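What follows is one structure encoded as structure tokens, with my remarks underneath.
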Amino acid sequence: MMLSTSMKANPIRHIPQRRTLHMASVLYTEGATAETKDFGKKEKAAENQWARKHDAELLEKLKRSLAEQEKKTAEIKEKLAELEGKK
């Protein structure tokens, strides 16, 4: 039996590659706190609580500022009324 010349020139056999299981593709969630639902809910609740407190502080500051401006406006109106009455 004679082999063709192409078979004689390449004595290395072609071996099909096997697919291997890569362990690096496994996702590990043990200890991943950012991925848990409870942690996300707690974090969102804490952020909402901070935002409400911050907004309440700003609102209180604006109310105080408005009260001061109303007091100054009332004083100016009184002085204006006095000046108009002296004419």
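Since every read-out is calculated from the coordinates, none of them should be taken as a lab result. Computed from a prediction, not measured in an experiment: that's the story for all the values here. Glycine gets a Cβ as well: all are built from the backbone with ideal geometry, and neighbour counts include every protein chain shown.
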* **Pairwise label distance in nanometres, Q49 with E78, each label 7 Å out on the Cα-Cβ vector** => 4.5 nm
* Structure fact -> Restricting to lysines and to Cα separations under 18 Å from K61, and discarding same-chain partners fewer than 8 apart, the set is K53, K71, K72
* Under 14 Å Cα-Cα from K86, which aspartates and glutamates qualify once same-chain neighbours fewer than 8 residues away are excluded? -> E78
